[in-house]
1. Where both residues lie in the chain, what percent of DSSP beta bridges are antiparallel, nearest 5?
2. Given a cut-off of under 8 Å on Cα pairs at least six residues apart, what relative contact order in percent is computed for region 91-234?
3. Got the relative contact order for region 236-316 handy, in percent, Cα pairs under 8 Å and 6 or more residues apart?
4. Quick one: Ile119, Ile323, fewest Cβ neighbours within 10 Å first, how do they rank?
5. Please work out the ratio of the alpha-carbon Rg of region 281-363 to 2.2 N^0.38 Å and round it to two decimals.
6. Give the shape of region 88-218 as rounded, prolate or oblate, defined through the alpha-carbon gyration tensor: a ≥ b ≥ c are the square roots of its eigenvalues, a/c under 1.5 means rounded, and otherwise the shape is prolate if a/b is larger than b/c and oblate if not.
7. Where does each of Arg311, Arg74, Arg175, Arg79 land when they are ranked from fewest to most other beta-carbon atoms within 10 angstrom?
8. Counting other beta carbons within 10 Å of each Cβ, put Arg398, Arg141 in order, fewest first.
Amino acid sequence: MTDTIVSADVLVTSPGRNFVTLKIVTASGAVGWGDATLNGRELAVASYLRDHVCPILIGRDPARIEDTWQYLYRGVYWRRGPVTMAAIGAVDLALWDIKGKVCGQPVYQLLGGAVRNRILSYTHATGWDVAALLDAVDAVRDRGFQAIRVQTGVPGLDSVYGVTKDGAAYEPAGRGAGPVEEIWDTAAYLRHVPGALVQVREHVGPNVALLHDAHHRLTPNEAARLGKALEPVDLYWLEDVTPAENQEVLRRVRAQTTTPLAIGEVFTTVWEFQQLITEQLIDFVRAASSHVGGITPLRRIAALAEVWQVRIAPHGPSDVSPIALAGATHVGLATPNFAIQEYMGYPDVVHEVFRHDWTYAEGHLHPGEAPGLGVEVDEALAARFPYERAYLPVARRRDGTLTDW
Ligand code: GCO
Ligand code: MG
């Protein structure tokens, strides 16, 4: 008998940072959870879902995941964009969750079953100076990580996004009336980073995978210079070297350096990856299972990437909720050209609000064997953390000009 969706509700909670969650319930009593979090623009997605998507989900067959994806993507004149795609992603994740629960299978089984035993994961180590960074690297190695993203402060700057001076929690969107403004100096960054990362490589030896994120801040020429300068570090990848809009510029970077490139955490459709994949301008696709519109399109991107020997490595910072992280780990376990999963980690309270079956051990993640995605939301606990307005910082050059992320 065909099941139907009887309710679709949005829950916004802020246990340390904001998360937007979609809850879909079917007539047979199945409950599916989806992540709709868009860091710093959370309520836009909540409204998109509540005001425009939830009403038209009622009465639909939850089993028709692909058709619902097409309905919300192709069926809408104003398509693409992060708000739309995060909303569609939440629906898609919730419907895969429901399908798994109805079938009594973890989602990875529905995707063809495991192609690996566990998923290599990386986390972040940051330190304002090199000594602090090396301490941070040692600390995450003690937690079992064999792949580490390393970021440092830059001499002459007061702050650098994602790097704290006291080693405390970092990268939340700052709470408050508006974005914090930071001063950015690319020349100072380029002078400092290669030397700092060489010291990290010397410290950890050859067997630890090191990654670095440039956060879209470089020109093509600067990116090429950085890639070349980092070749002795033998990076696993250099991430987001240039602003995401103009992908042709990657040809120049690619021609100049063999440092592997990862791009795409802010991309929201397979079409934004098309040129990067088919021209082999990147080595790793960073699409998140939520922001790119769900598991359905992430699998499609992975299939395209596989043809061109490009691998996927979904975004997994602390602003991607444990539900979307679960989505990524199910895809990761079942996808041959999956490379590595970012696992930035969450404060304890987030693990309590989002009770998950996925596990981390010895540098690896596993989605677990619970039917569906394996995440249940404690709604009573979530309700104790109301939304708090928060923004990512903005960056200006020394002369005051706003600059890229
Ligand atoms: C990453 C990302 C994060 C982003 C954050 C913004 O690679 O994990 O770049 O560092 O800054 O997800 O919302
Ligand atoms: Mg990144």
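Where a number appears in this text, it was derived from the coordinates with a stated rule and is not lab data. The model shown is predicted, which means the values in this text are computed figures rather than measured ones. Cβ atoms come from the backbone with ideal geometry, glycine included; neighbour counts cover every protein chain shown.
1. Given both bridge residues lie in the chain, the antiparallel proportion sits at roughly 50 percent.
2. That works out to 21 percent.
3. Result for region 236-316 is 29 percent.
4. Ile119, Ile323
5. 1.09
6. oblate
7. Arg74, Arg175, Arg79, Arg311
8. Ranked by crowding around the Cβ, least crowded first: Arg398, Arg141.
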